[in-house]
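The values are calculated or read from the model by the stated rules, or taken from the named source; none is laboratory data. These numbers come from a predicted model, not from an experiment. Every residue, glycine as well, gets a Cβ built from its backbone with ideal geometry; the counts of neighbours run over all protein chains shown.
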Amino acid sequence: MRQGKRAQGEKKPRTYRQKARRDYFRRDLLHIENRLTRGGGWPLPPARAKELEVIKQVYAQQKQMYETKSRTCAQRIVGLSQPRVRPIKRGKKKQPTEFGAKVAISLTEGYVQIDRLSWENFNESTLLKESVER
């Protein structure tokens, strides 16, 4: 990936590769924020601005998990290109985790009806009574 041009006399930000990833990632985020605020506005294209916001959310989630020494996080982002996709634990031997939307559907007299569509995991048994009544 090619780096953007630096202003005349501006030093390249240090990344301190010898230190933990969290240290230089935080430093790089701060450097980006400083460059954006010095520019007098938001010079990023909308797609890049959205990516930056997702990266900030991922950083906040990782920091929270590090500080609380946990391996889980609510609304955890697992991919930058599709932040809405969540891992769903299935308990299968071949693929214990799946990614994508989870759909609960019902079939009545040859017609398929979507009862629930969600990017989050949910228990189908909670929808059974509602589906039967519909």
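Contact annotation: residue pairs with Cβ atoms under 8 Å, 6 or more positions apart or on different chains, pairing a residue in the range 47-71 that is free of Cβ contacts under 8 Å to residues at least 40 places away in the same chain and within 21 Å of Gln82 (Cα to Cα) with a partner that is part of a helix (DSSP H, G or I) and of a type in the set (Val, Ile, Thr), are Leu52/Ile32.
Could you list, in sequence order, the residues of the range 90-120 that are small (Gly, Ala, Ser) and surrounded by 10 or more Cβ atoms within 10 Å (Cβ to Cβ)? If you could, list the steps in order and put the result at the bottom.
Residues of the range 90-120 that are small (Gly, Ala, Ser), as a first pass: 91, 100-101, 104, 106, 110, 118.
If the condition is that a residue be small (Gly, Ala, Ser) and surrounded by 10 or more Cβ atoms within 10 Å (Cβ to Cβ), then Gly100, Ala101, Ala104, Ser106, Ser118 are the ones that fit.
Scan the range 15-25 and give yes if some residue there is modelled with pLDDT of 75 or more and farther than 30 Å from Glu124 by Cα, otherwise no.
Pass one, the range 15-25, residues modelled with pLDDT of 75 or more: 25.
Now narrow it down to the ones that are farther than 30 Å from Glu124 by Cα: 25.
Yes, some residue in the range 15-25 is modelled with pLDDT of 75 or more and farther than 30 Å from Glu124 by Cα.
Among residues of the range 110-128 that are among the acidic types (Asp, Glu), those with a Cβ under 8 angstrom from a residue that is in a helix (DSSP H, G or I), sequence gap 6+ or separate chain, pair up as Asp115/Glu130; Asp115/Ser131.
Scan the range 96-134 for residues that are under 21 Å from the mean Cα position of the chain (by Cα) and on the phi < 0 side of the Ramachandran plot and the total you get is 13. Taking the range 44-80 as the range and being among the hydrophobic types (A, V, I, L, M, F, W, C), surrounded by fewer than 10 Cβ atoms within 10 Å (Cβ to Cβ) and under 21 Å from Trp119 (Cα atoms) as the test, only Ala74 passes.
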